[in-house]
Structure formats: C-alpha cells, structure tokens
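Report on the following structure.
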Amino acid sequence: MDVRGFQKIIAAQRKLIAERFEKIKHKIVIMSGKGGVGKSFFAANISVALADLGRKVCVFDADFHGPDIPKILGVRGKSIYAGPRGIEPVMTGYGVKVISLDLMVTDSEAPIIWRGPLKITAIRQLLAEVNWGELDYFVIDLPPGTGDEPLSIAQEVPNLDGIILVTIPSEVSLLDVKRAAGFAKKLNIPIIGIVENMSYYKCPVCGHVEYPLGKSGGEILARKLSVELLGRIPLDPRINEANDKGKPYVKMFSNSETTREIFKIARKIISKLEGS
C-alpha cells in the first residue's frame, strides 16, 4: 500500500472515532510514571464505583503488555464478537463494559511482542471499530511510562477530560509521576488530580496507623503541581485477594475504609466533570 492509501485509511478511522466518541460524555486517562503502584486496581474499581453511582461506564485496557483489567473485573477468558455496529465490549456483572487485548488473543498467557507502530495502529483501530455506545465515562487504563500507548491515546481520543495520576508515597514513584505530569503538560491535557495508593496501613485490631512507604508524598506533589489530591487509598492485603478472585474490591469488601475512599474519589470526579 502506498503512503496516500495508508493516509486515507487513517483519515477514515479518525472520522469514525470522532463519530463514536460524540456519544461519550467524559474521557478519563488513568496514568502513572511507573509500574507496581496499583493503577489497574484503581482504574477497575473507580469504574465500578462510577457505575454504582448511576453512570454508564466502559474501561479500555490499553496496557497491551500487562492487560490486568479483565482479570480484576472477572471477565478473563470471555470472548468478544463483532456485531453489525462493530466490535462489542464485554459486559461485566458490575455494570461496566470492558475492552482489552487480553480478550482478543487465543493464548492469554502468551507475551505480546509488538513494536511501537503496531501498537499505535492497534489502538487507533480499536478506538474506531469498537461499538462503545452511549457512555457517561470512558476510562482508559494506560501502561506505565510515557511511551507509544499514552501518546497514541492523547492524539487519537477526542476531547480528553484529563488525566488522573496514580502514585505511591515513595520518592521513586513521585519522581516518575512528575514525568507523567510533564507529559500531560506538554500535550495540554488537564490533570484532574492525584490519587495516592498504598498511602498508609491501619491495624484492623487497634486502629494504629503506620506509613511504611513514606508520608504525605502525594499531598506534597499535588501542591507542587497545583492540582487536587483526590484521595489516599490505604494498604490492604485484601486487595490482592479480590484481584486474584476476579471480583472488584469495592464489591467484595463494600464496607471497608478503602472502598469508602474510592467512592469518595468517584464523587469528586463526578463533581469536577459534571459540575454537581
């Protein structure tokens, strides 16, 4: 195919993306500068919380090399299909739609070994060909860093509302999140706020609070960036239990302090983006 033919295909895809995304009210990117901070856990559970608050939600797992959203939301192993309006997302039992490369490969344990151009093409094609439907929130879970996937999402998704940066209190994580904030600034994408995950540990017996990963790092970073610290999510060993069982934490442990904090963050998002 010559260059003009390729350009025509991209133009047609972008036109279709624009048409599909006219039906989506708010688009949120969940991003961090490094791995291991619980970004996918937060993306999955904030999506369930928003759905519980009466919103129509779809989460797009754009982490091709570590697609964890299907596992966390209990749809790993399910198959997607193409209908007359395009590829149909998988519906969870929690009111959240999901699209992930993990749902499209025959061997979900095989590594995805793709170079940048292939990932960029795949993201554009998915955005164009999936029947996202009418949504209140389109939540995008990105891989760590500021590489091909974040740049493609920033360039291809029209009218992004902004980025939520997920960090832990450690200095290394905060340095990486600063880079992610710089990425957002260079691309003129608003930062909705910062979420500090693994913020503290509260003893379930005596209520004593410890800060094993550091204290107030997210709050200090939020002040430096002049953005809001949306919330502090505590360390809770039951998060791994919920993830491993494929059940959203906010459903499995609905009365926990962590769940209350996630719902508080969800209400802040709604207030910021909907003005209510």
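Since every read-out is calculated from the coordinates, none of them should be taken as a lab result. All values derive from a computational prediction rather than experimental measurement. Reconstructed Cβ throughout: ideal geometry from the backbone, glycine too, with neighbour counts over all protein chains shown.
Of note:
- Cross-link reach list, aspartates and glutamates versus K15, counting only Cα pairs under 16 Å and skipping chain neighbours closer than eight places: E129, E156
- Point-charge dipole on Cβ atoms (K/R +1, D/E -1) for the chain, about Cα centre, debye to 20: 560
- Based on DSSP H segments of at least four residues, each scored -39500 (n - 2.57), the chain has a per-residue ellipticity at 222 nm of -13000 deg cm²/dmol.
- Over 29 Å (Cα to Cα) - which of K27/K185; K23/K178; K56/K202; K178/K247; K56/K247 fall in this group: K23/K178; K56/K202; K178/K247
- When the chain is reduced to its Cα atoms, the Kirkwood hydrodynamic radius in Å: 19.1
- One way to sum up the overall shape of the stretch 167-276 is the equivalent ellipsoid from its Cα gyration tensor, whose semi-axes run 25, 18, 13 Å, largest first.
- The order of the peptides 42-52, 72-82 by mean Cβ neighbours within 10 Å, most packed first, is 42-52, 72-82.
- Placing a label point 7 Å from the Cα of S271 along the Cα-to-Cβ direction, the residues of the stretch 222-242 with a backbone N closer than 15 Å are 228-232.
- Taking other C-beta atoms within 10 Å as the exposure proxy, M252, M91 rank M91, M252 from fewest upward.
- The packing ranking of peptides 202-210, 133-141, highest mean first, is 133-141, 202-210, where packing means the average number of other beta carbon atoms within 10 angstrom of each residue.
- Between Y81 and K224, residue separation times 0.36 nm minus the direct Cα-Cα distance comes to 46.9 nm.
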